[in-house]
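Colleague: My questions will all concern the structure given below.
The values are calculated or read from the model by the stated rules, or taken from the named source; none is laboratory data. Here the structure is a predicted model, which means the values were calculated and not measured. Every residue, glycine as well, gets a Cβ built from its backbone with ideal geometry; the counts of neighbours run over all protein chains shown. When the accessible area is computed, the model is the full protein with side chains, heavy atoms only, and any ligands, DNA or RNA have been set aside. Shrake-Rupley method; radii C 1.70, N 1.55, O 1.52, S 1.80 Å.
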Number of protein chains: 2
Amino acid sequence: MPEKSFPTTVKIVEVGPRDGLQNEPTFVPTAMKVELIGRLVRAGVTTIEAAAFVSPKWVPQMADGFQVLREIDRHQGVVFSALVPNLKGLEAALEAKCDEVAVFAAASETFSQKNINCSIAESIDRFAPVLERALREGVRVRGYVSCVLGCPFDGEIDPHQVALVASGLYQMGCYEISLGDTIGTGTPLNARRMIEACAKDVPVSALAGHFHDTRGMAIANVYAALQSGIAIFDSSVSGIGGCPYSPGATGNVATEDVVYLCDELGLTTGVNLPALVEAGEFISTVLGRETSSRVARAMAARRARAASSHS
Amino acid sequence: MPEKSFPTTVKIVEVGPRDGLQNEPTFVPTAMKVELIGRLVRAGVTTIEAAAFVSPKWVPQMADGFQVLREIDRHQGVVFSALVPNLKGLEAALEAKCDEVAVFAAASETFSQKNINCSIAESIDRFAPVLERALREGVRVRGYVSCVLGCPFDGEIDPHQVALVASGLYQMGCYEISLGDTIGTGTPLNARRMIEACAKDVPVSALAGHFHDTRGMAIANVYAALQSGIAIFDSSVSGIGGCPYSPGATGNVATEDVVYLCDELGLTTGVNLPALVEAGEFISTVLGRETSSRVARAMAARRARAASSHS
């Protein structure tokens, strides 16, 4: 595969407050979500998925999305988005003054049926009025494609199938397409093949990598995606979240680890790693769980060693 | 950087019974070490670093190396090696009928001084009689270079410095040079730069990657090393071990994760992943610690889910 030159700037889309918390069993009070988002902003994160306007019956952790978006401080240049499954969700997001919304489709027919109760084509059709309305209101729409490197039901997914869904969402008006390895089975070579299939139909600058670290491959996949020209990555501070299809397994790649990789590769993210690690420690404490970020763990171990050698 | 085509076969050097256990605080009885090695062999691992003939005063976990090597079953085609710091260690290894021994130098002057109390050049000189004697006895010698991507004292290490040490060991008669990111600060680009510097002086087929996962970069570094033509990787089942310079941090990359990556890339390792995961579960139980292998965790989570859906 030909190696493109790396991007010089990488956009981090922090999905911890939504994709992360949504998959955590511990209920997090609104004030703690607001505090987390404030810390992320102070660490230099400029795109944050802050809420999901979905049924609180199905996702109780997301029930306070409106309050979260009302209570956070807004900042010039910081984009707050929310996941919306339909027009009703969009209306809530508009009322909450989201800068951006996100819709979601799957690259796997069976997953689409089981997750959102319709075929892939139907799901894209259903988003047409959401896109139309959002764009009319001047709100950008991001499109998620899940199961791009494997499906818990169908196994391997044809890269051309992923490209078809990605380009469907792009042509409908999504300005950015996030390619999600929902179950974290992907490895660098099939990630590159999938990305290169999508890049035939969607500009690579409009593609984002969304890797789960379920099998420890996420950072390698981010690196491979950078080699294919991807410059946008979704990640979750402290690696919060999990894989709903593998309880107990690791979820989203940790933002700290992606930022460390980018820093070391000389790519600009605008994120301050120590401040980000502190934000991660905050939410890990709230959740009562250990961080999944190995960078955060190494930094904590180093601090503990320095403290013990001083005392 | 030009991308070489991947190797088709990857040699896994299992260092868990030595590099792994040496850095674990829990004392492991001889019988458990023998059981672990037996399980690794049955999983298809063909090169195992089984012991270190170093001072038991400094490394009590390695005090039973002779017994371990006497009690394990020997198999045609399976290589058992031991780390030896000097002629005395080599003599013990020869008496224990090691198929191979390993010597070690550092790429960092300060690390060399602090770790083995002499300069890099002196350390290589000291190994000359070890090499001479081992080769005379028909025992191959592997050379380790530590701190190839960073030093806890000196920080960044010049790739040419690494190449100098690697070629010193190679010219002295080491058949294989293992390049160790001892503190796990390396990332794919500097790994490739370092490997490519070494490959100017040592055939790439004689170079091995030895990555620590302290900051979660190890699998990405393995992938980058594969892209540079490296086909030999050191790893530790269940990721046992740690970083002596970052207590609490992750150590060697987990063999399970390297094998998963290779399997998914279509590269042959000869290792059976489920059997390897069982060997990792065995030693994790003995050590009373959770596995560091994300692949093993994902497989355990999947099994737990399957079991609960059947009951």
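Colleague: Share of antiparallel DSSP beta bridges in segment A:11-310, in percent to the nearest 5?
Modeller: Details: 4 of 37 bridges.
If we restrict to bridges inside segment A:11-310, about 10 percent are antiparallel.
Colleague: Taking all protein chains in place and a 1.4 Å probe, what share, in percent, of the accessible surface of chain A do carbon and sulfur account for?
Modeller: Details: 6070 of 11610 Å².
Answer for chain A is 52 percent, counting heavy atoms of protein chains only.
Colleague: In whole percent, what relative contact order does chain B give with Cα contacts below 8 Å and a gap of six or more residues? Don't skip to the end; give the middle numbers.
Modeller: Numbers: 644 pairs, mean separation 62.6, N = 311.
After rounding, I find 20 percent.
Colleague: Along the positive direction of the dipole of the protein assembly as shown (beta-carbon charges: Lys, Arg +1; Asp, Glu -1; about the Cα centre), which of B:Leu189, B:Ala128, A:Gly280 reaches farthest?
Modeller: Of B:Leu189, B:Ala128, A:Gly280, it is A:Gly280.
Colleague: Accessible area of B:Phe27, 1.4 Å probe, to the nearest 10 Å²?
Modeller: Looks like 130 Å² after rounding.
Colleague: While we're here: At A:Gly77, label 7 Å along Cα→Cβ: distances to the other copies, nm, ascending?
Modeller: Nearest to farthest, the other copies are at 6.1 nm.
Colleague: Let me ask you something else. Only Lys, Arg, Asp and Glu count, each charged at its Cβ (+1, +1, -1, -1), so figure out the dipole size of segment A:11-310 about its Cα centre, rounded to 20 debye.
Modeller: Details: 26 positive and 33 negative charges, 90 e Å.
Value, rounded to 20: 440 debye.
Colleague: Provide an ascending nm list, one decimal, of label-point separations from A:Ser308 to the equivalent residue in each further copy; define each label point as 7 Å from Cα along Cα→Cβ.
Modeller: 3.5
Colleague: Can you figure out the FRET efficiency of A:Lys57 with A:His160, using R₀ = 51 Å and their beta-carbon distance, to the nearest 0.05? Please list the in-between numbers first.
Modeller: Values: r = 36 Å, r/R0 = 0.71.
After rounding, the FRET efficiency stands at 0.90.
Colleague: Please list A:Tyr223, A:Tyr170, A:Tyr260 in order of solvent-accessible area, largest first, computed with a 1.4 Å probe with all protein chains present.
Modeller: Numbers: A:Tyr223 0, A:Tyr170 75, A:Tyr260 20 Å².
Descending accessible area places them as A:Tyr170, A:Tyr260, A:Tyr223.
Colleague: Here's something else I'd like to know. What is the sum of charges, Lys and Arg at +1 and Asp and Glu at -1, for the other residues whose Cβ falls under 12 Å from the Cβ of B:Val258? Could the numbers behind the result be given before it?
Modeller: Working: positive: A:Arg215, B:Lys11, B:Arg294; negative: B:Glu14, B:Asp213, B:Asp234, B:Glu256, B:Asp257, B:Asp263, B:Glu264.
Around B:Val258, the charge tally is -4.
Colleague: Rounded to the nearest 100 Å², what's the accessible area chains A and B bury against each other, both chains counted, probe 1.4 Å? Could the numbers behind the result be given before it?
Modeller: Numbers: alone 13270 and 13300 Å², together 23270 Å².
Summing both sides, the interface buries roughly 3300 Å².
Colleague: List the distances, in nm and shortest first, from the label point of A:Glu137 to the matching label points in every other copy, placing each point 7 Å from Cα along the Cα-to-Cβ direction.
Modeller: Distances between equivalent label points, in nm: 7.7.
Colleague: When DSSP beta bridges are limited to those with both residues in the protein assembly as shown, what percentage is antiparallel, rounded to the nearest 5?
Modeller: Numbers: 8 of 76 bridges.
If we restrict to bridges inside the protein assembly as shown, about 10 percent are antiparallel.
Colleague: Can you pull the one-decimal nm distance between simple spin-label points at B:Gln113 and B:Phe153, each 7 Å off the Cα toward Cβ?
Modeller: Calculated label separation equals 0.6 nm.
Colleague: Can you give the net charge of the other residues whose Cβ lies under 15 Å from the Cβ of A:Thr110, counting K and R as +1 and D and E as -1? Walk me through the intermediate numbers first.
Modeller: On the way: positive: A:Lys114; negative: A:Glu109, A:Glu122, A:Asp154, A:Glu156, A:Asp158.
Summing Lys/Arg as +1 and Asp/Glu as -1 gives -4.
Colleague: Then there's this: Is there a quick way to get the dipole size of segment B:139-296? I mean about its Cα centre, with the Cβ of Lys and Arg at +1 and of Asp and Glu at -1; what is the value in debye to the nearest 20? Walk me through the intermediate numbers first.
Modeller: Numbers: 8 positive and 16 negative charges, 51 e Å.
Computed about the Cα centre, the dipole is about 240 debye.
Colleague: Can you sort A:Arg74, B:Arg142 by 1.4 Å-probe accessible area, starting with the largest?
Modeller: These residues rank, largest area first, as A:Arg74, B:Arg142.
Colleague: Let me confirm one metric for peptide B:287-297, namely the mean number of other chain beta-carbon atoms within 10 Å of its residues' beta-carbons. Walk me through the numbers on the way to the answer.
Modeller: Values: counts 0, 0, 0, 1, 0, 2, 2, 10, 6, 2, 7.
For this peptide, the per-residue mean of nearby foreign Cβ atoms is 3.
Colleague: Next question. Within 10 Å of each Cβ in A:217-227, how many Cβ atoms from other chains are there, averaged over the peptide? Don't skip to the answer; put the middle values down first.
Modeller: Working: counts 9, 4, 11, 12, 3, 2, 10, 5, 0, 2, 6.
For this peptide, the per-residue mean of nearby foreign Cβ atoms is 6.
Colleague: Something else about it: Which pairs, out of A:Lys88/A:Lys200; B:Lys97/B:Lys200; A:Lys11/A:Lys57; A:Lys200/B:Lys200; A:Lys57/A:Lys97; A:Lys57/A:Lys200, put more than 30 Å between their alpha-carbon atoms?
Modeller: A:Lys88/A:Lys200; B:Lys97/B:Lys200; A:Lys11/A:Lys57; A:Lys200/B:Lys200; A:Lys57/A:Lys200
Colleague: How much accessible surface does B:Val139 have with a 1.4 Å probe, in Å² rounded to 10?
Modeller: B:Val139 exposes around 10 Å² with every protein chain in place.
Colleague: What is the local net charge at B:Ser309, summed over the other residues whose Cβ is closer than 15 Å to its Cβ (Lys, Arg +1; Asp, Glu -1)? Working shown, then result.
Modeller: Details: positive: A:Lys114, B:Arg302, B:Arg303, B:Arg305; negative: none.
Summing Lys and Arg as +1 and Asp and Glu as -1 gives +4.
Colleague: With every protein chain left in place and a probe of 1.4 Å, what is the accessible surface of A:Glu122, to the nearest 10 Å²?
Modeller: Taking all protein chains as shown, A:Glu122 has close to 90 Å².
Colleague: Now for a separate question. What is the residue of chain B with the smallest Cβ distance to the axis taking B onto A, and what is that distance in whole Å?
Modeller: Taking Cβ atoms only, the nearest residue and its distance are B:Ala220, 2.
Colleague: Mind checking the per residue accessible area of the protein assembly as shown for me, 1.4 Å probe, whole number of Å²? Present the calculation step by step, with values, prior to reporting the outcome.
Modeller: Details: 23270 Å² over 622 residues.
In whole numbers, the protein assembly as shown has 37 Å² accessible per residue.
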